[in-house]
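**Student:** Here's a structure for you.
The values are calculated or read from the model by the stated rules, or taken from the named source; none is laboratory data. If you're wondering where the values come from, they're calculated on a predicted model, not measured in any experiment. Please note: Cβ atoms are built from the backbone with ideal geometry, for glycine as well, and neighbour counts cover all protein chains shown. Remember, those area values only see protein heavy atoms, side chains included, never the ligands or the DNA or RNA. Shrake-Rupley method; radii C 1.70, N 1.55, O 1.52, S 1.80 Å.
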Amino acid sequence: MTNYGLVIDQERCIGCQACAVSCKQENNVPMGQFWNRVLTEGGEKMDTPSGGYPEDGGSGSLDMQYQPTACQHCENAPCVKVCPVNATYTRDDGIVEIDYDKCIGCRYCMAACPYNARVFNWDEPEHMPEGGTGDVEERPQGVVEKCTFCSHRVDEGLDPACVVNCPADARIFGDLDDESSTVSKYIDKYETDQLLEDRGTDPKTHYISGEMSPGRPQTSDKMESELDDVSPWSDGDDVPSDGDDSAGGESSGGHHSVSGDEVPRVPSVKSGGDD
Amino acid sequence: MAEKTESSRVAIPSFSGKGKLWIGLLVVLMAAGLAAWGYQLTMGLIATGMRNVFSWGLYIMMFVLFVGLSAGGLIISSAPKFFHSHRYEGFARLGVLVSLACIIVAGLLILPDIGRPGRIYQFFTSPDLRSPMVWDFGVVLLYGLLNLWYLWLLTRRDLAARGSSLALGVKDTEAGRERDRTLMFWTAAVALPTAVALHSVTGWIFATQIGRGDWFSPLVAPVFIAKALVSGLGLLLIVSVLADRYTNFEVDREELTSLGKILGIFLAFHVVYLLAAERLPHAWADHFEFWAIMSNFLIGDSVYFWLWTVVGGAVPLAMLALPSLRKRVSVIFTASVLAVVGTMFEGIRLVFTGYEVANIDSAPGISLGGEYTGITTNIWATAGAYTPTVVEIAVTLGIIAFGALIVTLGLKYVPIQRVDAEPSYAADGGKQDQ
Ligand code: SF4
Ligand code: SF4
């Protein structure tokens, strides 16, 4: 069985917010809402450290780390268990997703999620530009929404947008049930934590801290499992493993099978990578 | 009384000028509530004070209160029946009527809280049996129907005797009354566990949540039962005193005092015992010195805590504990009001403890989906904050007014008081003077 998970290397993360922004644009997230946030662990404010500068010439105590935070896709997901109408459910591949046509907007799942990963459309969702962005249809007023691990991309064999767009290669997506996947290997090899482990939700998002990992090995938009003949482990992490990657990413971007004629909203012809 | 052969009477034979004014007031409140709900439906829940961190507000707080309030009447009328006693018989019908009104109010309060009320039918078509909300939906529905059935069962022979169409064709016969008494016993036998289930399940909505501070506690369900006993009996006493004052309904003073005493016992159990049981382990585990443990145990922190324990607990308890004070109707009335208000603030406090603090509160925090009205101007927050808006208050008052209307109409159309006790009842000696 496939069981998708995410590894975030906090040692690699540079706090650039690229994942937060690409998530917002890829998933057409309304104004005033974020599915993915880059939090600063340290001072009171964003991008500020805790502790002090070594004024006396001794060693300082400044400390800061970034913690990108979105839905953790819990194994024992309380949000799934509380949803009275089965609108929130776990897919066969482990992704926790919401059926927006079923959601009655009771917000019990928001009370249940210990990570505050869910947002509710309190009013008519507003988009900038008005037509919306990205490849996902907008959600109506009165329902709860959250990170889907970009299930629409995963279904096409592509990594989530935040993973592809991380310039520090700090996000690695893959199959936790496959022992040879990079995520499984990193969880095995590096010191990883899950957020609020004591709550017993068993998140499928794991954070590396301590020793830095080599990061996401492939530069392709494709998921690791789609890169059959390329062994990402054999070449260095900076070597593009596949020359025609961007072309491949683009063509698959062109025939997204997401239904509805208003999607994709992005022009099918575009320059650069899929972002 | 003017009636000769009837064994019961309604509390309001016809509405006086004042009565019409009261109904008028309720209708105005209901219309305002409906208008506010209409406004909220077009605007979305942005019209409320709720936002992403603090995602349940006044509607749920009042839902919790009214579920609790619905307990008193049914328990006071069914517990004695179950033990084949005729004690508090004078409160039985009024009690069930009040319970029915409260559970209807509680159920209606959920509607405006739902983001897409048009999809509520999915509770039937696509339920997830793991969800405590599904359990609660079921038990609230069952409890409401049970109350309706019980009220009708208690009064149908009298309704028939009065020729009321509400008897639905039932005849007033001696054999029928005999059979009804058996039915009442069995209804009582079902009603009591249903009431326990109702309050426990409502408590479990909160108590199952690992993500929300103090919610996750096995004590929540028993506390909900205690809260229901306190506030439910409190409300029944309030309504009885008011009905005694403004309608032809008459309360037996002795029974009123006796119920006041029971309220005192419920209060002592709830506020003194359960509270201590909940607080001591935390205080002990968190502090080292004896006095630090004691002061943390005895002295709470938030305003809600004090509103609840002192105003809603200690003061009414003291009033009801003194026999000389307890005899006065005004004292019982005031103590009951305080007990209900205290329970209300306890419910508010529970919701606040869940949402006030975010488990992960690093900057910039959580996106709110709109700013906290009047509190911040940006969309980020690292903690929860909530003040209800005028819209929420208007909708809530409208629904409560509907409940009050149910009770008022019940007093008019349902024979709420037995006038001439039947032989079996007379033996009890409780209320022959009526
Ligand atoms: S992080 Fe929250 S929303 Fe995501 S699966 Fe866990 S409980 Fe559900
Ligand atoms: S708000 Fe929607 S997804 Fe969340 S518990 Fe209610 S119905 Fe389920």
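**Student:** I'd like the orientation of helix B:58-82 relative to chain B: the angle between its Cα long axis and the longest Cα principal axis, in ° from 0 to 90, rounded to 10.
**Tutor:** 30
**Student:** Using the basic label-point model (7 angstrom from Cα toward the beta carbon), what is the A:Glu191 to A:Asp155 distance in nanometres?
**Tutor:** A separation of 4.1 nm, rounded to one decimal place.
**Student:** Roughly how crowded by other chains is peptide B:43-55, in terms of the mean Cβ count from those chains within 10 Å of each of its Cβ atoms?
**Tutor:** Values: counts 4, 10, 8, 7, 2, 1, 0, 4, 4, 11, 2, 1, 13.
The per-residue average across the peptide is 5.
**Student:** Can you give the accessible area of B:Val272, probe radius 1.4 Å, in Å² rounded to 10?
**Tutor:** 90
**Student:** Here is a further query. Quick check on the protein assembly as shown: what are the equivalent-ellipsoid semi-axes from the Cα gyration tensor, as sqrt(5λ), descending, whole Å?
**Tutor:** Values: eigenvalues 682, 158, 91 Å².
The three semi-axes for the protein assembly as shown are 58, 28, 21 Å.
**Student:** When N is the residue count of region B:134-275, what does its C-alpha Rg come to as a fraction of 2.2 N^0.38 Å?
**Tutor:** Working: Rg = 18.9 Å, N = 142, 2.2 N^0.38 = 14.5 Å.
Rounded to two decimals, the normalised Rg is 1.30.
**Student:** If you don't mind, another one. Take A:Glu191, B:Glu89, A:Glu41 and sort them by solvent-accessible surface of the protein heavy atoms, 1.4 Å probe, largest at the top. Mind showing how you got there, number by number?
**Tutor:** Values: A:Glu191 125, B:Glu89 30, A:Glu41 65 Å².
Ranked from most to least accessible, the order is A:Glu191, A:Glu41, B:Glu89.
**Student:** May I pose another question? Quick one: net charge around B:Pro388, please, counting Lys, Arg +1 and Asp, Glu -1 for every other residue with C-beta under 13 Å from its C-beta.
**Tutor:** Working: positive: B:Arg51; negative: B:Asp113, B:Glu392.
Once all neighbours under 13 Å are counted, the net charge is -1.
**Student:** Just read off the accessible area of B:Glu254 with the full protein assembly in place, 1.4 Å probe, to the nearest 10 Å².
**Tutor:** 130
**Student:** Moving on to the next point. Where does helix B:275-286 land angle-wise versus the long Cα axis of chain B, in degrees 0 to 90, nearest 10?
**Tutor:** Between helix and principal axis, roughly 20 degrees.
**Student:** Quick one: which of B:71-77, A:14-20, A:214-220 comes out on top by average Cβ neighbours within 10 Å, and what's the full order, highest first? Write out the running numbers ahead of the final one.
**Tutor:** Details: B:71-77: 28.9, A:14-20: 18.4, A:214-220: 21.9.
In decreasing order of mean packing, B:71-77, A:14-20, A:214-220 become B:71-77, A:214-220, A:14-20.
**Student:** Let me cross-check A:Lys24: its accessible surface, 1.4 Å probe, with only protein heavy atoms counted, in Å² to the nearest 10?
**Tutor:** 40
**Student:** Just checking the output field for B:198-210: average partner chain Cβ neighbours within 10 Å of each residue's Cβ?
**Tutor:** Mean shielding count: 2.
**Student:** So for region B:209-355, averaging the separation of alpha carbon pairs under 8 Å that are six or more residues apart and normalising by length, what relative contact order in percent results? Before the final figure, lay out each step's value.
**Tutor:** Values: 148 pairs, mean separation 52.6, N = 147.
That works out to 36 percent.
**Student:** Give me the residues in region A:54-93 whose solvent-accessible area, probe 1.4 Å, is reduced by at least 20 Å² once all protein chains are included instead of the chain isolated.
**Tutor:** A:Val80, A:Lys81, A:Val82, A:Pro84, A:Val85, A:Asn86
**Student:** Can you give me the Kirkwood hydrodynamic radius for region B:178-247, using every pair of distinct Cα atoms, in Å to one decimal? Walk me through the numbers before you get to the answer.
**Tutor:** Working: mean 1/r = 0.0694 Å⁻¹.
This gives a value of 14.4 Å.
**Student:** Here is a further query. Once amide H atoms are placed 1.01 Å from N in the peptide plane, what residues at a sequence separation of 5 or more from A:Ser220, or on another chain, have their amide H within under 5 Å of its amide H?
**Tutor:** So A:Ser220 has HN proximity to A:Ser241.
**Student:** Beyond 43 Å, what share of the Cα-Cα pairs of chain B is found? Please give it as a whole percent.
**Tutor:** Numbers: 15035 of 93961 pairs.
Tail fraction, whole percent: 16.
**Student:** Shifting gears a bit: Quick one: helix B:132-161 against the long Cα principal axis of chain B, what's the angle to the nearest 10°, folded into 0 to 90?
**Tutor:** It works out to around 20 degrees.
**Student:** Using every pair of alpha-carbon atoms in region B:1-147, split the distances into 10 Å bins beginning at 0 and state the percent of pairs per bin, rounded to integers.
**Tutor:** 9, 26, 33, 20, 10, 2, 0
**Student:** While we're on this one: Using modelled amide H (1.01 Å from N, peptide plane; none on Pro or chain starts), what sits under 5 Å from the amide H of B:Val357, excluding residues fewer than 5 places away?
**Tutor:** B:Gly384
**Student:** Students sometimes get this wrong: rank B:Thr202, B:Thr334 by accessible area, probe 1.4 Å, all chains present, largest first.
**Tutor:** Details: B:Thr202 0, B:Thr334 60 Å².
Most to least solvent-accessible, the answer reads B:Thr334, B:Thr202.
**Student:** Dipole size in debye (nearest 20) for chain B around its Cα centre, Lys and Arg Cβ +1, Asp and Glu Cβ -1?
**Tutor:** Working: 31 positive and 30 negative charges, 191 e Å.
About 920 debye.
**Student:** Right, something else. Please give the calculated 222 nm ellipticity per residue for chain B, where each DSSP H segment of at least 4 residues contributes -39500 (n - 2.57) and the sum is spread over every residue; nearest 500 deg cm²/dmol? Please report the intermediate quantities before stating the final value.
**Tutor:** Working: 16 runs with 275 residues, N = 434.
It lands at -21500 deg cm²/dmol.
**Student:** Inside 10 Å of the C-beta atoms of A:28-38, what's the mean count of C-beta atoms belonging to other chains? Display every interim value, and only then the final one.
**Tutor:** Details: counts 0, 1, 2, 4, 11, 7, 8, 1, 0, 8, 2.
For peptide A:28-38, the averaged partner shielding equals 4.
**Student:** Then there is this: Got the relative contact order for chain B handy, in percent, Cα pairs under 8 Å and 6 or more residues apart? Working shown, then result.
**Tutor:** Working: 626 pairs, mean separation 135.2, N = 434.
The normalised contact order for chain B reaches 31 percent.
**Student:** Here is a further query. For region B:54-128, compute Rh as the Kirkwood radius over C-alpha pairs and then the Stokes-Einstein diffusion coefficient at 20 °C and 1.002 mPa s; write the answer in µm²/s, rounded to an integer.
**Tutor:** Working: Rh = 14.2 Å.
Stokes-Einstein gives a translational diffusion coefficient of 151 µm²/s.
**Student:** Also, quick follow-up: Find the all-direction average of the projected area of the Cα convex hull for region B:209-355, expressing the result in square nanometres with one decimal place. Each step should come with its number before you reach the end.
**Tutor:** Numbers: hull surface 38.7 nm².
For the Cα atoms of region B:209-355, the hull's average projected area reads 9.7 nm².
**Student:** In addition: How do A:Leu176, B:Leu267, B:Leu322 rank by accessible surface area computed with a 1.4 Å probe, from largest to smallest? Each step should come with its number before you reach the end.
**Tutor:** Values: A:Leu176 40, B:Leu267 0, B:Leu322 90 Å².
From most exposed to least exposed: B:Leu322, A:Leu176, B:Leu267.
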